[in-house]
Ligand SMILES: Cc1cc2nc3c(=O)[nH]c(=O)nc-3n(C[C@H](O)[C@H](O)[C@H](O)COP(=O)(O)O)c2cc1C
């Protein structure tokens, strides 16, 4: 029996199109995790009609740490608690997570649930934030985006909520037209890759994404 038996991974897909590269990578990641023995809960925020806007039902009496949130948010909380691994997969928008994913955190990762307890409920969980970037790997914006995601997602969110093992991955080259900033800060957009070159481009992209997921799984500490 492998140590992975009965472990659960929550994959949070944050994209408005089912035919996006983001959704495609999320589905492949789900298969990869299932092959590694995980039970996968695939949460597609758009397909499930998640509204990322904060509302009064999800901001009840601040002082009560045990307050009840909206049924929808309570359901998301149960899914988070049931997961050993939480893997948001998302397109990078303006160097950050899209509003859809940010709103999921805003509405669901609440006081008393995700933070504000001497014993964090989310402690012991592991997170892998998989962000797809349109910029090419050699674009100087990529290391800056990596730093921003580390600070904002692993730092301000995961660490704040007791998730000590959180890592962020930036996957560049998500577009078929190469786009990079030149030395003057002007955006250059190249010709779309086609035919066999296109297949190779996306096969390489998929391989890199899968390698990051494998590295993340391999780094799991097996309890003694
Ligand atoms: C509103 C918006 C903002 C974007 N901001 C960035 C960015 O800051 N850096 C970057 O590399 N790509 C950026 N992109 C490109 C997306 O990351 C890219 O199109 C996406 O990852 C491609 O995958 P998809 O087919 O899943 O959308 C942006 C795209 C949109 C629509």
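Values in this text are rule-based calculations from the coordinates and carry no lab data. Source: prediction; values computed, not measured. Neighbour counts are summed over all protein chains in view; Cβ atoms, including those assigned to glycine, are modelled from backbone coordinates with ideal geometry.
For the range 175-209, backbone nitrogen atoms closer than 16 Å to the point 7 Å from residue 46 Cα along Cα-to-C-beta are found at 175. With both residues required to sit in the range 107-187, DSSP beta bridges show an antiparallel share near 10%. Between residue 183 and residue 82, the modelled labels are 5.6 nm apart [label points 7 Å from Cα along Cα→Cβ]. Helical content alone sets the calculated 222 nm signal of the chain at -10000 deg cm²/dmol, taking -39,500 (n - 2.57) per DSSP H segment of four or more residues and averaging over every residue. Taking the DSSP bridge list for the range 8-218 and keeping only pairs wholly inside it, about 15 percent are antiparallel.
The C-alpha atoms of the chain occupy a region whose extents along the principal axes are 55, 45, 29 Å, arranged from largest to smallest. Relative contact order, whole percent, for the range 8-218 stands at 19, derived from Cα pairs under 8 Å and 6 or more residues apart.
With a Förster radius of 30 Å applied to the C-beta separation of residue 159 and residue 199, the computed FRET efficiency comes to 0.15. A Förster distance of 25 Å, applied to the separation of the beta-carbon atoms of residue 65 and residue 147, puts the FRET efficiency at 0.15. Packing-based ranking of 185-194, 116-125 yields 116-125, 185-194, ordered from highest to lowest mean Cβ neighbour count within 10 Å.
Checking the a/c ratio against 1.5 first, then a/b against b/c, what shape does the Cα gyration tensor give for the range 142-192? Prolate shape, in that a/c is at least 1.5 and a/b is the bigger ratio.
Using only the Cα atoms of the range 56-111, build the gyration tensor, take square roots of its eigenvalues as a ≥ b ≥ c, and label the shape rounded, prolate or oblate: rounded if a/c is under 1.5, else prolate if a/b is larger than b/c, else oblate. It comes out oblate by the Cα gyration axes. The modelled label-to-label distance between residue 35 and residue 58, using points 7 Å beyond Cα along the C-beta direction, is 3.4 nm. Summary value for the range 41-156: 30 percent relative contact order, contacts being C-alpha pairs under 8 angstrom separated by 6+ residues.
If the chain linking residue 210 and residue 117 were pulled fully straight, counting 0.36 nm for each residue of separation and taking away their Cα-Cα distance, it would gain 30.0 nm.
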